[in-house]
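This report refers to the structure that appears directly beneath it.
The values are calculated or read from the model by the stated rules, or taken from the named source; none is laboratory data. These numbers come from a predicted model, not from an experiment. With ideal geometry, Cβ positions are generated from the backbone for all residues, glycine too; neighbour counts draw on all protein chains shown. In case anyone asks, the SASA skips ligands and DNA or RNA and just uses the protein heavy atoms, side chains included. Shrake-Rupley method; radii C 1.70, N 1.55, O 1.52, S 1.80 Å.
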Amino acid sequence: MAIKSKTKPPAKPAAGGDGGGVQPKRWVGQPLQRREEQRLVRGQGTFIDDIKLAGMLHLKLVRSSYAHARIVNVDVSQAEAYPGVVCVLTGAEVVKICPPFYQIGPAPGCQIVDHAMAASKVRYQGEPVVAIAAETRIAAEDAAEQVRVEYEPLEPVVDAEAALADKTLLHDAAGTNTVWHGVFEYGDAEKAFRQAAHVVNIDRLHCHRFSSTPLEGNAIIGQWEPKDGRIYFWCNNSFPTFGIQFLAPALGVHIDRIRVQTHDIGGSFGIKITNYPYMAICALASRKAGGRPVKWTETRSEHMLASAHGNERTFRDTRVALDKNGVITAITSRHLDDCGAYPRYEPLGCVIWSQVFPGVYRFKNARIDFTQVVTNKCPVGPNRGYSRMQHLWFLERVMDICGHKLGIPGDEIRLRNYIQPQEFPYTTPNGCIYDSGNYPAMLEMTKKLVGWEKWQSEQATERKTKDGRMIGIGIGTTLDSGTNNFGQSQIINPNAPYSGQSQAANAKLDIYGELVVAVGSVPQGQGHETSVSQVVADVFNIHPDMVTVRVGFDTDRNVHTGHSGTYASQFAVSGLSAVHGAAQKLKSEMSRLAAFALKTRQSNLEFGVGKQGPEVRVRGSDGAKAINFWGLANLANVNSAGFPDNLMDVTLNCRHLWRAPFKVPDIKRKYGSLTLTYASQLHIAVVEIDRETCQIKILEYAVVDDCGKVINPRIVEGQVHGATAHGIGAALMESCVYDDSGNMMTGTFSDYTPITSVNMPTLRQGHIETPSPHSYNGAKGMGEGGGAPLHALSAALQDALYSSGVIISDSHNTADSIFHALRRAQKGDDGNVRVEEASRSRT
């Protein structure tokens, strides 16, 4: 695995951080090594499984072996008598003592009953039925073998289109499998079709279900403490403020009685947002065990079977209108989303895709009929590029299929349809505002990196030979919409109590002059500790090593809001804006205090590093008139006699709340600003398909990203590399496959085959900056560009196979699927896709 990059590290500072090399004028923009690496690489991180509490019990879950069945009887008597077992919890008990989690969506979706454990019916393979808490993990696992559950199998529904028929219902009270349905319609699509020079019809496209496979599975310690009546969680949930909003009413406690702490997290990619049902199980087991802490750590097979998967989406009856130059003027389509057995974080995915409604293209007329259904599969959760990735893949497939039908090369048809640089800020048909971008420049840079002309020449040479190599070149352009407006939830449910976006941070000067910053984010490897220190260092004109950043998340720190967490590519905007605001408030207080101590005006002061460390000094005094940070903290905290009345409000402990400038969207029109910033990535893949084995080989791969003003280039490169690996794995290797009975066929790494360094090509990587006007420093959120490899590789395979009559209709492609596609094409049947093109004479 390799990255080709031009990033140069900054000069190393001497001890104390203010000498040795030349200190840069600003730390933001410098490729500093991540501070987190020092503890993580040395095995000094603190993950949930590292935490050992006195009297802690270990939890084992007995899970359903059926995808759909009634629970006839549960016998836990032998398990309860097993040595080391402290308590056993059944689904029937949970239903009696714990109401179901509330649902985000309206009726009928809100009538879906979702408990932490199944009581009378199981709805997906792996759903928890019994929980056992024992003194050791081995005792819990052995006792689980003694549980006897009698099931009455029911007909499962594992296909979204079959679920629409409601022949088999998952949730009887809802009366339907449809969670939500709505139509997103803008402009005048029918008029555009009447005036079109070309119309392309695409019967069916399908974006497959896959997951994230983080190094660390879900892990939770829950303690329902009888002494104070509070519930304590140590967990790796990546959106805990969302989780406790679900947990508090279900557990019957006020939300301030729940304390959640996170530490180091071994990856999330969004899917750990929905582990709150397991948090509830641990808390309930703890209460039954008399308040002893209960730990549950997920096995890899449990994670694959029953944690959360990404959305699976089918696109039907797509019609595309184009003018004589190949510019798309209208799209109509019917989209069907499969959210698994329970909506949970859904049906937010029914609207979040519309943050990128036209993708990177200029069409203004569209009609998307969107439906989400439940099926007897693992519930889905946000997964890198949540909901947008599937829609962007659809648009990129549309672009390539139209290009091939009209004989327009992939790069040229994109250039004709891209939103142009001079059009930013660009308002989309549904009212989202793209803040900045330059897609043509990204395409040009990526083409140079990949060696576009060389590969086109080689491809042309091979195509002149009857049995020449099957080489394909594909482009994938994707958007990473960050800092989302929760007001979009009201498009789904007008009564949803969510809107806007906010983040809080705290900056303080401790008694001994230590600068300490805390933020309400939940990092899982994104380098928050490092980037926060860089931002704060610039505010105070000191070295980042002089800034202490509180690691992890703790609800008792009071630096969070109801929106706080790490999701939606927002930290560089919301998190760092909150940090910057708190640091500025602290700097103002310190400046006022220093002016008093040094008997001068605030305008005469500057911050920097002197012989005694960080200080505030009179400008031009060469440090002769200065007070260091310890001296300021001492005055405010322990040496305050004679403190003047006009400084009584100085606390040196400053909290700042940042709010995004959002309004609630127009619910009827489904129109308004749904997210704040739009980062982008452009990938080009060159592939070869072996004529005999149909094996796919990546010959060259290039990436260019634009995330606005870069905070730390090294972190950005890592994010781009990780997203690319994630997407390549999904495109060629990773898929959650179910059989007709609802059994998951890819529940281990032997079958799911996640990508490793062995499968990664060398990445040629570039970068441009189009600063956002919405963040204080021009940064955009980034990190969810994992969909771009799906787009680029699908396009490259299409390019290699189009002359053989094959249309790439699925986002997951393997040697086997390519082989069968070629066989179908030889018979004149391309399987799931039928493409027709109606040409009309237009002036």
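Just a few scattered comments:
- Hits in segment 549-572 (condition: aliphatic (A, V, I, L, M) and under 12 Å from THR262 (Cβ atoms)): VAL551
- Of the criteria (1) aromatic (Phe, Trp, Tyr); (2) open to solvent by less than 10 Å² (accessible area, probe 1.4 Å); (3) over 24 Å from LEU395 (Cα atoms), which one PHE315 fails: (3)
- When segment 40-61 is filtered for residues that are in contact with a helix residue (DSSP H, G or I) (Cβ under 6 Å, 6 or more places away or on another chain) and of a type in the set (D, E, K, R), only LYS60 remains.
- In segment 416-455, the residues that are open to solvent by 50 Å² or more (accessible area, probe 1.4 Å), closer than 30 Å to ASN485 by Cα and not in a strand (DSSP E or B): GLN422, GLU423, PRO425
- Looking only at residues in segment 379-409 that are buried (at least 22 other Cβ atoms within 10 Å of the Cβ) and small (Gly, Ala, Ser), the one that is nearest to the chain's Cα centre (by Cα) is GLY385.
- So PHE269, is it assigned to a strand (DSSP E or B) and aromatic (Phe, Trp, Tyr): no
- Among (1) in contact with a helix residue (DSSP H, G or I) (Cβ under 9 Å, 6 or more places away or on another chain); (2) under 30 Å from THR478 (Cβ atoms), the one test that LYS697 misses: (1)
- Restricting attention to segment 52-66 and to residues that are assigned to a loop (DSSP other than H, G, I, E, B) and either closer than 30 Å to TYR124 by Cβ or hydroxyl-bearing (Ser, Thr, Tyr) (or both), the residue that is least open to solvent (accessible area, probe 1.4 Å) turns out to be SER64.
- Within segment 398-419, residues that are under 17 Å from GLY472 (Cα atoms) reach partners that are among the aromatic types (Phe, Trp, Tyr) and assigned to a helix (DSSP H, G or I) with beta carbons closer than 7 Å, at six or more positions or on different chains, in the pairs HIS404/TYR802.
- Of all residues making up segment 61-103, the number that are within 27 Å of VAL373 (Cβ to Cβ), touching a residue at least 40 places away in the same chain (Cβ under 8 Å) and not aliphatic (A, V, I, L, M): 12
- Among the residues making up segment 537-560, those that are in a loop (DSSP other than H, G, I, E, B), modelled with pLDDT under 95 and surrounded by fewer than 24 Cβ atoms within 10 Å (Cβ to Cβ) are ARG550, VAL551, GLY552, ASN558.
- Residue within segment 501-517 that is farther than 28 Å from ILE48 by Cβ, in a helix (DSSP H, G or I) and aliphatic (A, V, I, L, M) present: no
- Residue ID - surrounded by the most Cβ atoms within 10 Å (Cβ to Cβ), chosen from residues in segment 585-610 that are of a type in the set (S, T, N, Q) and touching a residue at least 12 places away in the same chain (Cβ under 8 Å): SER591
Okay, residues lined up against (1) without any contact (Cβ under 8 Å) to a residue 12 or more places away in the chain; (2) under 21 Å from the mean Cα position of the chain (by Cα); (3) surrounded by fewer than 21 Cβ atoms within 10 Å (Cβ to Cβ):
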{"site": "PRO497", "(1), (2), (3)": "yes, no, yes"}
{"site": "GLN503", "(1), (2), (3)": "no, yes, no"}
{"site": "ASN506", "(1), (2), (3)": "no, no, no"}
{"site": "ASP510", "(1), (2), (3)": "no, no, yes"}
{"site": "GLY513", "(1), (2), (3)": "no, no, yes"}
{"site": "PRO523", "(1), (2), (3)": "no, yes, no"}
{"site": "VAL532", "(1), (2), (3)": "no, yes, no"}
{"site": "VAL535", "(1), (2), (3)": "no, no, no"}
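- For segment 754-762, the criterion of being assigned to a loop (DSSP other than H, G, I, E, B), of a type in the set (S, T, N, Q) and open to solvent by 60 Å² or more (accessible area, probe 1.4 Å) is met by at least one residue.
- VAL130 being in a strand (DSSP E or B), of a type in the set (A, V, I, L, M) and farther than 20 Å from ALA306 by Cα: no
- Each residue in segment 250-266 was checked for being open to solvent by 10 Å² or more (accessible area, probe 1.4 Å), touching a helix residue (DSSP H, G or I) at 6+ places or on another chain (Cβ under 9 Å) and in contact (Cβ under 8 Å) with a residue 60 or more places away in the chain, and 7 pass.
- Condition met for ARG42 (open to solvent by 10 Å² or more (accessible area, probe 1.4 Å), modelled with pLDDT of 95 or more and of a type in the set (Lys, Arg)): no
Here's the yes/no breakdown for (1) open to solvent by 10 Å² or more (accessible area, probe 1.4 Å); (2) closer than 23 Å to GLU190 by Cα:
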{"residue": "THR332", "(1), (2)": "yes, yes"}
{"residue": "HIS335", "(1), (2)": "no, yes"}
{"residue": "PHE357", "(1), (2)": "no, yes"}
{"residue": "THR375", "(1), (2)": "no, no"}
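- Residue that is surrounded by the most Cβ atoms within 10 Å (Cβ to Cβ), among those in segment 140-167 that are in contact with a Phe, Trp or Tyr (Cβ under 7 Å, 6 or more places away or on another chain) and farther than 24 Å from ASP337 by Cβ: ALA143
- Among residues of segment 717-735 being open to solvent by 10 Å² or more (accessible area, probe 1.4 Å) and under 19 Å from the mean Cα position of the chain (by Cα), the one that is farthest from MET760 (Cα to Cα) is SER735.
- Test: residue in segment 104-113 that is open to solvent by 40 Å² or more (accessible area, probe 1.4 Å), within 25 Å of GLN223 (Cα to Cα), outside any loop (DSSP other than H, G, I, E, B) and in contact (Cβ under 8 Å) with a residue 24 or more places away in the chain: no
- Selection of segment 550-574 for residues being more than 16 Å from PHE486 (Cβ to Cβ) and either touching a residue at least 40 places away in the same chain (Cβ under 8 Å) or touching an Asp or Glu at 6+ places or on another chain (Cβ under 7 Å) (or both) yields VAL551, GLY552, PHE553, ASP554, THR555, ASP556, ARG557, ASN558, VAL559, PHE571, ALA572.
- Residues of segment 420-436 that are free of Cβ contacts under 8 Å to residues at least 60 places away in the same chain and touching a strand residue (DSSP E or B) at 6+ places or on another chain (Cβ under 8 Å): TYR426, THR427.
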